[in-house]
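Quick note: the coordinates plus some simple rules give every number you see, no bench work behind them. This one's a predicted model, so the numbers in the text were calculated from it and none came from an experiment. Note that we place each Cβ from the backbone using ideal geometry, even for glycine, and neighbour counts take in every protein chain shown.
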């Protein structure tokens, strides 16, 4: 039972690690445009993201795929940048309903990329375990729980800013997405592959 909580805790703390805040930035730009009324869509997006990185973790741990870590460290901020730009471009429309299928697909794909970023960490923490499937599921559960915490905080802050400080939803999305773009550009430069 204690091993169960160990991997959940490791997944949870890995997402909430302030030294590796790229995961948090992705979740911020992914969910900044939603409210508590959209909880089903938010949960679907977060779960698709978790599914994506669990699949890629599984494939990497069992040596089905092997990807250059330098390339992955570059692609992770690219996924954040693309999501933030999507927010900037889609704020003109009142709803993302027409683009939701694309959003679900790209979220799953971006989860695959982020999962490959977790793979070396997960391999290191599970190196002395014979079967990695159960720890992988536990780790994924910890990641999912941490993501839900981040999303609740993002949606709560969005609610406060829009309700009490009278920011329009459009302006709030533009501000947050622009700040995240400003934070991601140095990450891209630090991890450039050219």
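Being in contact (Cβ under 8 Å) with a residue 24 or more places away in the chain, surrounded by 15 or more Cβ atoms within 10 Å (Cβ to Cβ) and closer than 24 Å to residue 187 by Cβ: is that true of residue 61 here? It is false that residue 61 is in contact (Cβ under 8 Å) with a residue 24 or more places away in the chain, surrounded by 15 or more Cβ atoms within 10 Å (Cβ to Cβ) and closer than 24 Å to residue 187 by Cβ. Exactly one residue out of 161, 152, 176 is over 25 Å from residue 67 (Cβ atoms), under 18 Å from the mean Cα position of the chain (by Cα) and surrounded by 15 or more Cβ atoms within 10 Å (Cβ to Cβ), and it is 176.
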